[in-house]
Amino acid sequence: MSPNQPDVALRGFLEAAGRSLAEAQGTLAGDVLVQRPALAIADAELDVKAALSAGADGQLALRPLSAADVVKGGIDPALLSSVRIRYVAVGGETAGGAPTRRSDEVVGEVGKRPDLVRLREIVGEIRLEAAFVPDKRRWLVTARDPAGRVVRELVVPDEEGGRR
């Protein structure tokens, strides 16, 4: 791995990426908030190949690696972690209304997904929490590990089977 790149706290990395996206959105919208912007970021995804480690304090840290780092360092790409961060805008016009499903139904459905079944095998039992976002008629489902850390967040439509 590149000795010039220090490990970065995962939480700090996610916060910095979120701030960067918010700044980009602000640049697109401009300073005038009276009119709707001609272009807006509604959905963005960041995919990072990195080496993950746990610090002495138990916090996850990552070291982003470029393709050049992998080649120069003789690192097997299969051993790298893929950190995928997905941002979904939840502001905007109000669709309003009550959800069509209960939170426990959404949690039950999401808990059966193959990716979450596999996540349980890796980190142990996870706790799922669902919050309804009425403006977008979607559920935000947060998965937490036994220590209470967020290990996954999903956005699910408010319809049976998660489909629209």
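On the given criteria, is GLN5 at pLDDT below 75 and among the polar types (S, T, N, Q)?
Criteria met by GLN5.
Evaluate the stretch 28-41: report whether one residue or more is modelled with pLDDT of 75 or more, surrounded by fewer than 12 Cβ atoms within 10 Å (Cβ to Cβ) and not acidic (Asp, Glu).
No; the residues of the stretch 28-41 include none that is modelled with pLDDT of 75 or more, surrounded by fewer than 12 Cβ atoms within 10 Å (Cβ to Cβ) and not acidic (Asp, Glu).
So is GLU129 closer than 22 Å to ALA51 by Cα and either at pLDDT 90 or above or not assigned by TED's automatic domain parsing to the domain that holds GLN59 (or both) or not?
Answer is no for this residue.
For the condition among the aliphatic types (A, V, I, L, M), modelled with pLDDT of 90 or more, over 19 Å from ASP7 (Cα atoms) and surrounded by 13 or more Cβ atoms within 10 Å (Cβ to Cβ), what is the one hit in VAL110, VAL88, VAL117?
That would be VAL110, the only listed residue that is among the aliphatic types (A, V, I, L, M), modelled with pLDDT of 90 or more, over 19 Å from ASP7 (Cα atoms) and surrounded by 13 or more Cβ atoms within 10 Å (Cβ to Cβ).
Output the helices (runs of 4 or more DSSP H) that fall wholly within the stretch 45-146 and possess 3 or more residues being free of Cβ contacts under 8 Å to residues at least 24 places away in the same chain, of a type outside the set (A, V, I, L, M, F, W, C) and closer than 21 Å to PRO157 by Cβ, or say none.
Result: 103-111.
The values are calculated or read from the model by the stated rules, or taken from the named source; none is laboratory data. The structure presented is a predicted model; accordingly, all values stated were derived computationally and were not measured. When we count neighbours, we look across all protein chains shown, and the Cβ atoms used for this are built from the backbone with ideal geometry, even at glycine.
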